[in-house]
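I have placed the structure first, in the form of structure tokens, so that the comments after it can refer back to it.
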Amino acid sequence: MYLISSHEMLKDAQRRGYAVPAFNIHNLETVEVVARTAAKLHSPVILAATPGTYRHAGVEYLVSICASAAHQYRIPLVLHLDHHEDEQDIHYKVEAGIHSAMIDVSHLPFEENVAKVQRVVTFCHRMGASVEAELGQLGGQEDDLIVDAANAHLTDPDKAAEFVARTGIDSLAVAIGTAHGLYKEEPRLDFDRLAAIRARVAVPLVLHGASGIPDRDVRRCIELGVCKVNVATELKIAFSDAMKAFLAAHPDASDPRQYLVPAMAAMEEVVAAKIRMCMSDGKL
Ligand code: 13P
């Protein structure tokens, strides 16, 4: 089965008032957990992988594993390029069968960001792939991407309108107070800013850094136009904590088919909870 673009998935979410969860995956086991939970709950999902994940798992392996999961569970699946920056790398991966890309050059000055995103949109649309880009910058850490508090800044609604109009992107990642990774203090989201962006921008909006954000805040973001919600850290913690607990209780265990099972079960619980938070269950 073919790995689809996220364009139609996000448009459906926008029309019907829910969000598609985008879960960061790393290997066979994590793809399997997301695909089987999505199939069980009849939820559209996006499998997101950072450049570091493609380096770890291999592009061809990941494409094959995700396409096999779509085939096995008979569900549409998107494999997405999360936080990619290098244009040649995006070309290579789209040509390898991935139809959804985030070009993240939000750290560049506005005009350079626009020019780079325009080029990626031209290429990706010709290849049938959808494009997400970011304006403003989230703080925190996502793999190799580290943004300290001094460089994090929120999305300007007027600039967002210009950015979307000039680039032709399919979805816009917004910075409204979330951050990648764990929060030291309770995050305060700028809902007024989100509403102002929504009033000026028609494409689906994307919320990064959703780990640790209370469900009620994510739901409010969905009401205000967010159609894709990215979750990574909470999945990694559930997976690794369960594996550590199993190995502590069974110090002689050495078979991955044993110690990965509780890790996958713990991750599945988080995936199911986030699907329900996004109200995407039953939408397939
Ligand atoms: P968290 O790790 O904070 O969930 O963020 C995930 C993300 O935004 C991936 O792009």
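The values are calculated or read from the model by the stated rules, or taken from the named source; none is laboratory data. None of these values were measured; they are calculated from a predicted model. Cβ coordinates were reconstructed from backbone atoms using ideal geometry, including for glycine residues, and neighbour counts include every protein chain displayed.
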Matching residues in the range 152-171 - criterion: being over 14 Å from PRO109 (Cα atoms), in a helix (DSSP H, G or I) and within 20 Å of the chain's Cα centre (by Cα): VAL164
Count of the range 85-123 residues which are under 30 Å from ALA39 (Cα atoms), away from the ligand (no atom under 16 Å from the Cβ) and among the aliphatic types (A, V, I, L, M): 2
All helices (runs of 4 or more DSSP H) inside the range 1-84 with 3 or more residues being within 23 Å of GLY282 (Cβ to Cβ) and within 13 Å of the ligand (Cβ to nearest atom): none
Scope the range 223-237; condition under 20 Å from SER100 (Cβ atoms), more than 11 Å from the ligand (Cβ to nearest atom) and surrounded by fewer than 24 Cβ atoms within 10 Å (Cβ to Cβ); matching residues: GLY225
Among residues of the range 26-85, those that are touching a Cys at 6+ places or on another chain (Cβ under 7 Å), buried (at least 24 other Cβ atoms within 10 Å of the Cβ) and without any contact (Cβ under 8 Å) to a residue 60 or more places away in the chain, counted: 1
Test result for ILE213, within 12 Å of the ligand (Cβ to nearest atom), assigned to a loop (DSSP other than H, G, I, E, B), surrounded by 14 or more Cβ atoms within 10 Å (Cβ to Cβ) and at pLDDT 95 or above: yes
Meets criteria (in contact with a Cys (Cβ under 6 Å, 6 or more places away or on another chain), within 16 Å of the ligand (Cβ to nearest atom) and among the hydrophobic types (A, V, I, L, M, F, W, C)) for LEU207: yes
